Every structure is written in structure tokens, then in C-alpha cells.
Amino acid sequence: MPFAAQERRRLLSTPGLGPRVIARLEAAGIESLVQLRAIGAEAAVARVCRQLGTQAWRNRLGALQGALQCAVQGAPDPRADT
């Protein structure tokens, strides 16, 4: 299941995150801001690299860390349910 419409809008409003980045995250099995926050930017990039079969996406780690941090601020913390 892809990102919910509201989450997709939030991601798209973040500099550095466009439709292709979101599609690659979804293809790698990352489909919510809660999930993205739980695994973090580095693990998300690693998943996309595995999905694409190349390490080329690792070059985007720095940019994605900042962009993903902005996008997930305000998303529920999955560890808060304990």
C-alpha cells in the first residue's frame, strides 16, 4: 500500500523529495512516515539500493537525511506506544 495522500503531500512539500524518490521508497517497502521514522534515512537508502541493485543511491544519503528528517517531524514516534 503506498503512502497515504496526506503523507505523500507532506513528502512532496519537502525540498529534495519528489515523486520518483517516493516511488522508490514505496518499491522498497517503505509506505508510511511512521515506518520511515522507525527505520531512519540510512536504512531507507540501503533498502532502495538493494531494490535498485546498485549503490548509486548512497550518494543521496546526506540530502535524504535532511529531507527525510523534515518530512517525518510530527509523525508519530513508533516507540512511544511502550
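Descriptive notes on the structure:
- Sorting 53-61, 19-27 by average packing, meaning the other beta carbons within 10 Å per residue, from highest down gives 19-27, 53-61.
- The chain: translational diffusion in µm²/s, Stokes-Einstein, Kirkwood Rh over Cα pairs, 25 °C, 0.890 mPa s: 194
- Quarter of Cα convex hull surface for the range 19-60, i.e. mean projection, nm²: 2.6
- Relative protection proxy for 3-12, 39-48, from highest mean packing down: 39-48, 3-12 (other beta-carbon atoms within 10 angstrom).
Every number here is computed from the coordinates shown, using simple stated rules; none is lab data. The structure displayed is predicted, hence computed values, not measured ones. Neighbour counts run over all protein chains shown; Cβ positions are idealised from the backbone, glycine included.
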